[in-house]
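Engineer: Okay, here's the structure, questions in a sec.
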Amino acid sequence: MASGQLSREEALACVGCRHACHILLYADTEAQLFEEIPIRHIILMQMRFDGLLGFPGGLVDPSEESLEEGLSRELWEELGFSLSVTVEDHVSSCHNPSSQLVTHFYARRMEEKEIREVEKAAASTATDHGHEVMGMVRVPLYTLKGGGGGLPSFLSHSFIGNSRSQLEDALVRFGLVTPEELQTALTHAEQRRK
Ligand code: GTP
Ligand code: MN
Ligand code: MN
Ligand code: MN
Ligand code: MN
């Protein structure tokens, strides 16, 4: 089977593949940092048990449940929040031939109030809190003066699987940053890693 991007249906047809589903939850916000820098959007990722950043979600066995049912179950475990994911939330699927793992990526826009409820539940009632998930984090979208802080620093951390490219793709796809802003942040991130 070819590597790279597939439709949801093509990905499900893969014989012998394992499947994992993860989701980007985001909201618009009027909030400002230091009463000066617009936060613009709240985007949730998580610090995983293995010290890597990733999106909430997990492994799904399509012979037992649909991809979206499985993702909703993982969100209940990892976020303590009941969210019914649908096929409409699907963004992309990607096949990694070396691990025979297909990663399915979803996104859902929420209200700021709802996102805050997700954060509250994830830090208190979620069964995986402190086990599989060390905590939820928000992605800073700004770049601080001097170029280092904010999104460039965030992007220079270590990410699980292809979650870093899922994030970069979604930032531009959903208009959360401009392609130019992302490019600038990536250039600064690259300098930080040297
Ligand atoms: P267990 O319940 O312990 O099995 O964990 P889980 O079901 O929550 O699985 P996990 O979220 O760790 O995802 C399974 C696999 O998918 C991981 O081993 C990674 O290879 C990959 N993965 C994890 N998070 C992400 C992510 O955000 N994006 C992508 N593309 N892959 C991820
Ligand atoms: Mn899990
Ligand atoms: Mn998980
Ligand atoms: Mn799991
Ligand atoms: Mn688990």
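Engineer: Taking the condition of being modelled with pLDDT of 95 or more, open to solvent by 60 Å² or more (accessible area, probe 1.4 Å) and among the aliphatic types (A, V, I, L, M), how many residues in segment 13-66 meet it?
Structural biologist: 2
Engineer: Scan segment 98-131 for residues that are more than 16 Å from ligand 2 (Cβ to nearest atom), closer than 20 Å to residue 67 by Cβ and assigned to a loop (DSSP other than H, G, I, E, B) and report the count.
Structural biologist: Of the residues in that region, 2 qualify.
Engineer: Related question: Which of the residues that make up segment 92-134 are of a type in the set (A, V, I, L, M), open to solvent by 60 Å² or more (accessible area, probe 1.4 Å) and touching a Lys or Arg at 6+ places or on another chain (Cβ under 8 Å)? Spell out the reasoning first.
Structural biologist: The first filter runs over segment 92-134 and keeps only residues of a type in the set (A, V, I, L, M), leaving 101-102, 107, 110, 115, 118, 121-123, 126, 133-134.
Next cut, open to solvent by 60 Å² or more (accessible area, probe 1.4 Å) only: 123, 134.
Passing the criteria: only 134.
Engineer: If you go through segment 53-67, how many residues are within 13 Å of ligand 4 (Cβ to nearest atom), assigned to a loop (DSSP other than H, G, I, E, B) and in contact (Cβ under 8 Å) with a residue 24 or more places away in the chain?
Structural biologist: 2
Engineer: Further question: Take the residues in segment 25-52 that are part of a loop (DSSP other than H, G, I, E, B) and over 20 Å from residue 167 (Cβ atoms); name whichever of them is nearest to ligand 3 (Cβ to nearest atom). Spell out the reasoning first.
Structural biologist: Filtering segment 25-52 for residues part of a loop (DSSP other than H, G, I, E, B) gives 29-31, 34-36, 39-40, 49-52.
Subsequent filtering for residues that are over 20 Å from residue 167 (Cβ atoms) retains 30-31, 34-36.
On the way: 30: 31, 31: 28, 34: 33, 35: 36, 36: 36 Å.
Across segment 25-52, the extreme among qualifying residues is 31.
Engineer: Given the options 143, 86, name the one that is hydroxyl-bearing (Ser, Thr, Tyr), more than 17 Å from residue 166 (Cβ to Cβ) and at pLDDT below 95. If you could, list the steps in order and put the result at the bottom.
Structural biologist: Values: 86 fails: at pLDDT below 95.
Of 143, 86, the one residue that is hydroxyl-bearing (Ser, Thr, Tyr), more than 17 Å from residue 166 (Cβ to Cβ) and at pLDDT below 95 is 143.
Engineer: Quick one: residue 15 ticks every box in (1) without any contact (Cβ under 8 Å) to a residue 24 or more places away in the chain; (2) at positive phi except a single one, so which number is it?
Structural biologist: The single condition residue 15 does not satisfy is (2).
Engineer: Return the residue satisfying two criteria in turn: it lies in segment 73-91 and is crowded, with 19+ Cβ neighbours inside 10 Å and closer than 23 Å to residue 16 by Cα, and of such residues it is nearest to ligand 3 (Cβ to nearest atom).
Structural biologist: It comes out as 74.
Engineer: Take residue 79 and decide whether it is out of contact with any Asp or Glu (no Cβ under 6 Å at 6 or more places or on another chain), within 15 Å of ligand 1 (Cβ to nearest atom) and within 14 Å of residue 55 (Cα to Cα). I'd like the intermediate steps shown before the answer.
Structural biologist: Working: out of contact with any Asp or Glu (no Cβ under 6 Å at 6 or more places or on another chain): yes; within 15 Å of ligand 1 (Cβ to nearest atom): yes; within 14 Å of residue 55 (Cα to Cα): yes.
Judged against the criteria, residue 79 is a match.
Okay, residues lined up against (1) part of a helix (DSSP H, G or I); (2) at pLDDT below 95:
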position: 157; (1), (2): no, no
position: 164; (1), (2): yes, no
position: 168; (1), (2): yes, no
position: 176; (1), (2): no, no
position: 182; (1), (2): yes, no
position: 187; (1), (2): yes, yes
position: 192; (1), (2): yes, yes
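Engineer: Let me ask something else about it. What residue, among those in segment 68-77 that are more than 10 Å from ligand 4 (Cβ to nearest atom) and not acidic (Asp, Glu), is farthest from residue 15 (Cα to Cα)? Step through it out loud before you land on a result.
Structural biologist: Step one: list which residues in segment 68-77 are more than 10 Å from ligand 4 (Cβ to nearest atom), which gives 68-69, 71-72, 75-76.
Those left that are additionally not acidic (Asp, Glu): 71-72, 75-76.
Numbers: 71: 20, 72: 24, 75: 26, 76: 28 Å.
Within segment 68-77, the match that is farthest from residue 15 (Cα to Cα) is 76.
Engineer: Looking at residue 23, is it within 16 Å of ligand 4 (Cβ to nearest atom), touching a strand residue (DSSP E or B) at 6+ places or on another chain (Cβ under 9 Å) and of a type in the set (Val, Ile, Thr)? Write out each step before concluding.
Structural biologist: Numbers: within 16 Å of ligand 4 (Cβ to nearest atom): yes; touching a strand residue (DSSP E or B) at 6+ places or on another chain (Cβ under 9 Å): yes; of a type in the set (Val, Ile, Thr): yes.
So residue 23 fits the description; yes.
Engineer: Restricting attention to segment 156-194, and to residues there that are closer than 21 Å to residue 96 by Cβ and open to solvent by less than 30 Å² (accessible area, probe 1.4 Å), which single residue is nearest to ligand 2 (Cβ to nearest atom)?
Structural biologist: 163
The values are calculated or read from the model by the stated rules, or taken from the named source; none is laboratory data. What you are looking at is a predicted structure, and each value in this text was computed from that prediction instead of being measured. Note that we place each Cβ from the backbone using ideal geometry, even for glycine, and neighbour counts take in every protein chain shown. When the accessible area is computed, the model is the full protein with side chains, heavy atoms only, and any ligands, DNA or RNA have been set aside. Shrake-Rupley method; radii C 1.70, N 1.55, O 1.52, S 1.80 Å.
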